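The values are calculated or read from the model by the stated rules, or taken from the named source; none is laboratory data. Please read these numbers as outputs of a predicted model, since none were measured by experiment. In this analysis, Cβ positions are derived from the backbone assuming ideal geometry, glycine residues included, and neighbour counts consider all displayed protein chains.
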Amino acid sequence: MLDTYKIQGKSDTRSGFGDGLFEVGQKNEQVIALCADLTGSLKMNKFKDAFPTRFFNTGVAEANMMGIAAGLTIGGKIPYTGTFANFSTGRVYDQIRQSIAYSEKNVKICASHAGITLGEDGATHQILEDIGMMKMLPHMTVIVPCDYTQTKLATIAIAKTHGPVYLRFGRPKVPIFTTDDQDFTIGKAQVLAPGNDVSIIACGHLVWKAIEAAHILRDKGISAEVINMHTIKPLDEAAILQTAQKTGCIVTAEEHQTYGGLGESVAGVLARNYPSPIEMVAVKDVFGESGKPEELMTKYGLNTTNIVAAAQKVIQRKKG
């Protein structure tokens, strides 16, 4: 099953959002799009051109954008807000908490340029805390898709679920390896490859790197189960426990701080239900810096080699 995942090309996940937004806009006239003066960067032009009366550029006024989006839901609209992940969360956390999450407003907060793969824009724009910030809010769904196709499917799917959603995606072109006919269910993890020795649970840009790591581990005689945990909240606890009981040890991989991210969510499930060794591939409590995305991923330990090393380490811990 591991060999069934092939690169079908490369694209940025923000383009998956843009195409998904256009498609869901065609299907549902209640969908409204708002952008904080980053229409091109968020790939929202197609929606804007097709539905000009349902698109609003709020300017560099993200807090106002969130308030407008909350208000639109009262009339039955389904607003999708678009800006960089840093401005979608850190800059407007109070507005999201008070105006959207608290009253379960049906706002879809769509955040591009997440993580350190934003690259040259540097630490001020490379938010690495947003998953933790958003998953702690009651009523908030948090989704981190892995490639162009899955981002498109997620963008379409969130229109069908009521309540606030945080959809996180990125800027760089990454491998496309999922297909339109694959099932995407919010809150349901995908087992991409079965394994018996170690489980690798990843989200976002790290999912393809987890697949690469599984190939390397197989050549070393290690069978790795690879799981795409695209929904961080609600978390698929059943999938985590099932794989932990099967392999006995876990590696998590994410483009986020160790604190508050996917790894800590998985560790909490294990601690409460089935204590198991776990290693986390994530940023280790530091800010990013300006640089080329792949170089930054290597510097901060978010690459295939790091996942392989973490898998070998956690297997040794399992053996005692």
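Structural remarks
- Taken together, the residues in region 163-206 that are in a loop (DSSP other than H, G, I, E, B) and not β-branched (Val, Ile, Thr) amount to 22.
- Hits in region 271-288 - residues which are more than 21 Å from the chain's Cα centre (by Cα) and touching a residue at least 12 places away in the same chain (Cβ under 8 Å): ASN273, TYR274, SER276, PRO277
- Only helices (runs of 4 or more DSSP H) whose full extent lies in region 41-124 are considered here, and the ones with at least 2 residues that are under 20 Å from ALA154 (Cα atoms), at pLDDT 95 or above and of a type in the set (Ser, Thr, Tyr) are 85-89.
- Scanning region 297-313 for residues that are over 19 Å from TYR259 (Cβ atoms) and touching an Asp or Glu at 6+ places or on another chain (Cβ under 7 Å) returns THR304, LYS313.
- Every residue from region 158-170 that is more than 16 Å from PRO79 (Cβ to Cβ) and either of a type in the set (A, V, I, L, M, F, W, C) or modelled with pLDDT under 95 (or both): PHE169
- Selected residue (criterion: surrounded by the fewest Cβ atoms within 10 Å (Cβ to Cβ)) from residues of region 27-37 that are part of a loop (DSSP other than H, G, I, E, B) and touching a Lys or Arg at 6+ places or on another chain (Cβ under 8 Å): GLU29
- No other residue among VAL107, VAL144 is touching a Cys at 6+ places or on another chain (Cβ under 6 Å) and of a type outside the set (Phe, Trp, Tyr) apart from VAL144.
- Looking across LEU296, LEU302, LEU270, one residue alone is closer than 28 Å to GLY122 by Cα, in a helix (DSSP H, G or I) and of a type outside the set (Val, Ile, Thr). It is LEU296.
- Enumeration of residues in region 38-53 that are in contact (Cβ under 8 Å) with a residue 12 or more places away in the chain and either surrounded by 17 or more Cβ atoms within 10 Å (Cβ to Cβ) or of a type in the set (Ser, Thr, Tyr) (or both): LEU38, THR39, SER41, LEU42, LYS43, MET44, PHE47, LYS48, PHE51
- For region 218-228, the count of residues that are in contact with an Asp or Glu (Cβ under 6 Å, 6 or more places away or on another chain) and either closer than 22 Å to GLN316 by Cβ or among the basic types (Lys, Arg) (or both) is at least one.
- Residue within region 153-173 that is closer than 22 Å to TYR300 by Cα and surrounded by fewer than 18 Cβ atoms within 10 Å (Cβ to Cβ) present: yes
- Residue count, region 174-223 (criterion: touching a residue at least 12 places away in the same chain (Cβ under 8 Å), surrounded by fewer than 16 Cβ atoms within 10 Å (Cβ to Cβ) and either touching a Phe, Trp or Tyr at 6+ places or on another chain (Cβ under 9 Å) or of a type in the set (Asp, Glu) (or both)): 1
- Test: residue in region 215-226 that is part of a loop (DSSP other than H, G, I, E, B), among the acidic types (Asp, Glu) and modelled with pLDDT of 95 or more: no
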